[in-house]
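Participant: Let me begin by handing over the structure; questions about it come next.
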Amino acid sequence: MVLRGVMRTGIFGLAVLGMVSAAMGDGMMESPPARNWFCGFTTKPDETDNGKGEYPVCATAFEANHQAAYNFMTVVTHSKGRAGTTPLPKHVCSFDSETWHGELTPWDVPMDWPTTPMASGKQTITWNGSWGAHYDDTRDFSYWITKPGFVFSPTEELTWDDFESEPFCVQLYDDKNPTANPDLVVDKTTAKFKATCTVPARSGHHVIYGEWGRTAATDQRFHGCIDAAFGTSAIQRTTPARMEWHRRLYQRWGLDMLGRKSSAPMR
């Protein structure tokens, strides 16, 4: 209906205004892509509504809060983060973000999230701060990973018990001496923070929870989750027969096994 289209356009406009107002200092994990990079930055609700978008599976995430997805870069709290907050919030990936008053966000939704290939050892995790990087008060980038025995479930929300209690990587930054830490490279021309971390050995689908933290002046922290696929068993979450059924179903929808549009012919 025309009316519905007008309403949707209006909502989209309000969301854009929200993005502008939030651009005072926001960011997200870009590489490997976090959930809000897949569903929010890359694929937006109006695209899935119209049967478009690079990742159609994001439609499931957007059901939690359709408009919230346009503010994908504002998953923020004013807190001490994972290491200094007691009790921990209910939702992992958003850390009960203040932007949505602690409610479920699209990135907390349990579903078959797109994954990115990952290997153990030295890896670079990049934050994009192009919405307002605030270099002078950036303090740290910290990362936790799910435990070795973790089994990913597309029907169950992540819990803190799924994760190691200690971060596997903490990289500190001081803008007064920006090259002091060789494992944290800042490119101010692109507003990128690149942290080199040693990722622990894992197998299958695991999740990395990350934070970008600022100094005590604001205690502002940004939060996000990366879905990582370690090794060839990453998509073996069910029996081979059911995997083949899923493959054929996705192919019929024109998608690959990561939920992306596929050019492969239907069989």
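The values are calculated or read from the model by the stated rules, or taken from the named source; none is laboratory data. None of these values were measured; they are calculated from a predicted model. As a convention, Cβ positions derive from the backbone with ideal geometry for all residues, glycine included, and neighbour counts pool all protein chains shown.
Participant: Please find, within the range 92-132, the residue that is nearest to the chain's Cα centre (by Cα) out of those that are among the acidic types (Asp, Glu) and outside any loop (DSSP other than H, G, I, E, B).
Facilitator: Applying the filter and picking the extreme gives 108.
Participant: Can you tell me how many residues in the range 146-178 are part of a loop (DSSP other than H, G, I, E, B), under 24 Å from residue 131 (Cβ atoms) and out of contact with any Phe, Trp or Tyr (no Cβ under 8 Å at 6 or more places or on another chain)? First the steps, then the outcome.
Facilitator: So the first thing to find is which residues in the range 146-178 are part of a loop (DSSP other than H, G, I, E, B), and the list is 147-159, 164-168, 173-178.
Those still in the list that are under 24 Å from residue 131 (Cβ atoms) too: 173-176, 178.
Then drop every residue that is not out of contact with any Phe, Trp or Tyr (no Cβ under 8 Å at 6 or more places or on another chain), which leaves 174, 176.
Matching residues across the range 146-178 total 2.
Participant: Quick check on this structure: which one of 68, 119 is among the aliphatic types (A, V, I, L, M) and farther than 17 Å from residue 31 by Cβ?
Facilitator: 68
Participant: Can I ask one more? Among the numbered conditions (1) at pLDDT below 90; (2) farther than 21 Å from residue 102 by Cα, tell me where residue 49 comes up short.
Facilitator: Failing condition for residue 49: (1).
Participant: Right, here's the next one. Within the group 85, 77, which residue is surrounded by fewer than 23 Cβ atoms within 10 Å (Cβ to Cβ) and either in contact (Cβ under 8 Å) with a residue 40 or more places away in the chain or outside any loop (DSSP other than H, G, I, E, B) (or both)?
Facilitator: 77 is the lone residue from the list that is surrounded by fewer than 23 Cβ atoms within 10 Å (Cβ to Cβ) and either in contact (Cβ under 8 Å) with a residue 40 or more places away in the chain or outside any loop (DSSP other than H, G, I, E, B) (or both).
Participant: Now for a different question. Working carefully through the options 96, 140, find the one that is under 27 Å from residue 230 (Cβ atoms) and out of contact with any Cys (no Cβ under 6 Å at 6 or more places or on another chain).
Facilitator: 140
Participant: Testing residue 50 on (1) crowded, with 19+ Cβ neighbours inside 10 Å; (2) out of contact with any Pro (no Cβ under 9 Å at 6 or more places or on another chain), one condition comes back false. Which one is that?
Facilitator: (1)
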